[in-house]
Amino acid sequence: MFELEKKALGKCFKLPQPTLRESMLLAAIYTAQAVLCTAVLTLAYAWEKAPDVGWAIISSILVLQPGITESLSASIVRILANIVGATVALIVVGFLGIGLWQVLAAIVVIVFICELLRLDMGLRAACVSAIIIMTFRESSVFMAAVARSISVIIGSALAVVVQVGGSRLKLLLFGPHDAHRVSQSSQ
């Protein structure tokens, strides 16, 4: 097999893997973090009668990573990408309207903006954000863009906060040296 394919498969299946005990503890920590984020967001959005809890939950799940640095990076990228996608969608709709060629134009603009910003990791999310705002909306495009962006920010921020708690839990379970090793082996 080719070297690039081996690397890609290794990342997909966490090769080499931590021990079964470490792997199960990491899975339990991730599960607790994901469940906590989902529960907190669902309850808070219900209490506030706010729309778009789904985007907040999706963002929190996507941002949760094995380490704080990775979570913070994923959170920043996700927030910036959604702001780029929402802004471009609003501008395109405002000046050109909504239709297939406008969605395609938005994608082209987003690709070049992300390239200028060196936002490579957020390119797909920015394009998807614009497509969702321009095609899957029940309210005005402006309200859809604002509500979705706010939900992404809230979900991403909560995931980082929960990640800090998860990091503390790893330190308790594995100690300072082993917690770093487990985080490295799970990436």
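The values are calculated or read from the model by the stated rules, or taken from the named source; none is laboratory data. Please read all numbers here as calculations on a predicted model, not as lab measurements. Using ideal geometry, Cβ is built from the backbone for each residue, glycine included, and neighbour counts are taken over all protein chains shown.
Looking at region 122-129, can you tell me whether even one residue there is charged (D, E, K, R), modelled with pLDDT of 90 or more and assigned to a helix (DSSP H, G or I)?
Looking through region 122-129, at least one residue is charged (D, E, K, R), modelled with pLDDT of 90 or more and assigned to a helix (DSSP H, G or I).
Looking across region 59-72, the residues that are over 30 Å from S140 (Cα atoms), surrounded by fewer than 20 Cβ atoms within 10 Å (Cβ to Cβ) and touching a residue at least 12 places away in the same chain (Cβ under 8 Å) come down to G67, I68, E70, L72. Looking at the structure I just gave you, is A145 farther than 20 Å from I61 by Cβ and either acidic (D, E) or assigned to a helix (DSSP H, G or I) (or both)? In short, yes. Do the conditions hold for T31, that is, is it surrounded by fewer than 17 Cβ atoms within 10 Å (Cβ to Cβ), in contact with a helix residue (DSSP H, G or I) (Cβ under 7 Å, 6 or more places away or on another chain) and part of a helix (DSSP H, G or I)? When the stated conditions are applied, T31 does not pass them.
Okay, residues lined up against (1) within 16 Å of S151 (Cα to Cα); (2) modelled with pLDDT of 75 or more; (3) over 20 Å from the mean Cα position of the chain (by Cα):
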{"position": "L4", "(1), (2), (3)": "no, no, yes"}
{"position": "G10", "(1), (2), (3)": "no, no, yes"}
{"position": "L20", "(1), (2), (3)": "no, no, yes"}
{"position": "Q33", "(1), (2), (3)": "no, yes, no"}
{"position": "C37", "(1), (2), (3)": "yes, yes, no"}
{"position": "W47", "(1), (2), (3)": "yes, yes, yes"}
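Residues that are more than 19 Å from T69 (Cα to Cα) and touching a residue at least 60 places away in the same chain (Cβ under 8 Å) are absent from region 103-111.
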